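Heads up, the thing below is written out as structure tokens.
The values are calculated or read from the model by the stated rules, or taken from the named source; none is laboratory data. Everything numeric here is computed off the predicted structure, so don't read it as measured data. With ideal geometry, Cβ positions are generated from the backbone for all residues, glycine too; neighbour counts draw on all protein chains shown. To get the accessible areas, we keep the full protein, side chains included, count just its heavy atoms, and leave off ligands, DNA and RNA. Shrake-Rupley method; radii C 1.70, N 1.55, O 1.52, S 1.80 Å.
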Amino acid sequence: MVDLLHGFAVDLPEGWRVSLSPGGLLFTDLESVVLVRGMPQKSPKEAVKPLLEEAKRIGGGQATLHFRQASGGLMLWAQGLAYPLVFTQGAMGDLVLFALEPQVQAALSGLRYEAIHLLLPGPKTLLAVSAYLPQDLPDGKRQEVRGLLRSLEFVAPKDRVPYRTEALMDPLLGVPAAYLPVPQGYAFQGSVVAKGGTLRAPAFQLTKGGVVLRRDVIYLEAMAVATPFGGNPSTILLWNGQLGQVPGYLCAGSSGEVPALLAQGLWAWETGAPWQVSKVQPLRGTSRVARYLEGVRWAWEQQMNQSMLMAMGRPGDQFQSWREVLGLWAAQGGLRRQATVEARARGFFLPSPAASSAHCALSLEAVLLHGPSEALARETGALSGVMLGFSMNPRWAALEAERSRQASAELTRMVLGMLKEGEEFNSWMSRSWANLLSDQTYARDPSTGETFRLYKQSFDTGAFWRDPVFGGVLGTVERGGKLEELLGQAGWRRLEESLSGLPGTWR
């Protein structure tokens, strides 16, 4: 990986990720951690103070510390530390939601760590290189960390690419949703777009000549009903906020179908020709901690699936949910595309001899590099820095979560209201038809509020009138006739009539 914006290059082992943390440049596979940071130039005694405080926080006061002179600097070795969640949580993505659970933290606390800090003095600053490793880390994994450190290089200032920082604004909430560095010479546009239901996410595009870096937010919702006489499949497509309808049932039943869905489906529609997939690589954790957290998330998702099946309450109904992160490489003539795709899907299949139905909701968030091969090779260093520097605004995330929660609650209330109205309408129709077929109806005196159930033939259109003195009811009087006129003159009251007798349906 080469980042010409922030000025470094490194060979990242499989399963490792890099992020710009508040503390410095962070490399981690969620188990081992390498942190590279600059510190003010001070005496050795003063320089190690922040590292000692750090060891106390992570070790809970139980860390043991050792110092020795190293080639060109000072080495600090700390043992008896806990899992360094303070560093790794920024690189976890949605796994942090599970890492913060008390039972998960209790499991992680069983790991014992050591930290090796190397302080190298420069003309004006100290360079601190820190490695947090489990004490029982196998030799092969330790070699992996050493190889990463040996490969780390800093790019000379003259070779770095200047950039400006852009805020991606959310006009609905009035705050920036995210920030990203935009290299010199690139045009930028971005917005917050819907991603299905009440959820939204930032999408953006950077362009320079024929080179494009894009963050796509795609949502597909496919529905179909199949009967012995045929079916009617349809798909709703929401792509970066643009809503459309696609013929047929377009979705992915598994992560293995995602590359074809993009290359021969969505990307083909976008560019007018299909793309040939050259490589697909699942991007999964390789360390013990990463696999453990992914297992916790999988167990939670399976529990949610079981809850959904129980809520559906029909034997034989099938529910499927899956999530995958893929690296995808594709070509079309001289053009190349490289994408990192996060796919989440939920699907229902409701079998029935008369009419089976299927429903699939697929959410895709893809970071896409597009352009001619040679141009992409020149620009990859700058564009890598864009994605490394991309950061969500925590304030926007909190406001958006609350907005989404309120919108979801309002949508739930609206759906429940529609269901209630539907039930009332069905009850009204049922009662009305029952009364019509049995030659009965309801009548109400508007003056007293009294209600009567009266005989009236279904074909009779006359009205009921009531004697104001003795309360007798006369029916069915022809509307607009002479008798109706005389009854009105004599003070009789015309009754309101309803076949159903439900409140609010008398007129």
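Measuring r between the beta carbons of E294 and Q245 and using R0 = 35 Å, the FRET efficiency lands at 0.50. P(r) for the stretch 134-185, from all Cα pairs and a bin width of 5 Å, is 4, 14, 11, 10, 10, 10, 12, 13, 10, 5, 1 %, short bins first.
Heavy-atom accessible area for K279, with the other protein chains in place and a 1.4 Å probe, reaches approximately 100 Å².
Exposure check, 1.4 Å probe, all protein chains in place: H66 carries approximately 80 Å² of accessible surface.
Dividing the Cα radius of gyration of the stretch 212-314 by its Kirkwood radius returns 1.04 for Rg/Rh.
For every helix of n ≥ 4 consecutive DSSP H residues, a contribution of -39,500 (n - 2.57) applies; sum these over the chain, divide by its total residues, and give [θ] at 222 nm rounded to the nearest 500 deg cm²/dmol.
-9000 deg cm²/dmol
For D170, the residues whose modelled amide H falls within less than 5 Å of its own, excluding neighbours fewer than 5 places apart on the same chain, are V175, A177.
Size check on the stretch 56-211: the Cα extents along the three principal axes, sorted descending, read 53, 47, 30 Å.
Sorted largest first, the spans of the alpha carbon positions of the stretch 349-489 along the three principal axes are 98, 45, 25 Å. Computed over the chain, relative contact order equals 13 percent, with contacts defined as Cα pairs under 8 Å that lie 6+ residues apart. Expressed as a whole percent, the proportion of Cα-Cα pairs in the stretch 343-424 lying more than 18 Å apart is 75%. Value of Rg to Rh for the stretch 274-397, rounded to two decimals, is 1.09; Kirkwood radius and Rg both from alpha-carbon coordinates.
Under 5 Å between amide hydrogens, built in the peptide plane, is the criterion, and for S278 it picks out W329, A330, A331 among residues at least 5 positions away or on other chains.
Residue separation of Q303 and S151 scaled by 0.36 nm, minus their Cα-Cα distance, works out to 50.4 nm of gained length. Label sites at S391 and K56, each approximated as a point 7 angstrom past Cα along Cα to Cβ, lie 2.7 nm apart.
When Rg and the Kirkwood Rh are both derived from Cα coordinates, the Rg/Rh ratio for the stretch 91-134 amounts to 1.21.
Put +1 on the Cβ of every Lys and Arg and -1 on every Asp and Glu Cβ in the chain; which of V86, V258, M414 then has its Cα farthest towards the positive end of the dipole? Of V86, V258, M414, it is V86.
Relative to the 2.2 N^0.38 Å rule of thumb, the chain has a C-alpha radius of gyration ratio of 1.46. Averaging over all projection directions, the Cα-based convex hull of the stretch 131-217 occupies 10.4 nm² in the image plane.
Our estimate of slack between S234 and A70, defined as 0.36 nm per intervening residue step minus the Cα-Cα distance, is 52.3 nm. With one equal scatterer per alpha carbon and no solvent term, the Debye-computed log10 I(q)/I(0) for the stretch 237-288 at 0.13, 0.22, 0.32 1/Å reads -0.42, -0.96, -1.29.
Pairs of alpha carbons in the stretch 81-168 separated by more than 21 Å make up 55% of all such pairs. P(r) tail, the stretch 52-106: Cα-Cα pairs separated by more than 12 Å, 71% of all pairs. Split the accessible area of the stretch 80-132 by element, probe 1.4 Å, and carbon with sulfur accounts for 67%.
When you have a sec, figure out the Kirkwood radius of the stretch 1-136 from all distinct Cα pair distances and drop it here in Å to one decimal? Over the stretch 1-136, the inverse of the mean reciprocal pair distance is 15.8 Å.
In the chain, a dipole from Cβ-located charges (positive for Lys and Arg, negative for Asp and Glu) runs towards its positive end, and of P351, T198, W465 it is T198 whose Cα lies farthest in that direction.
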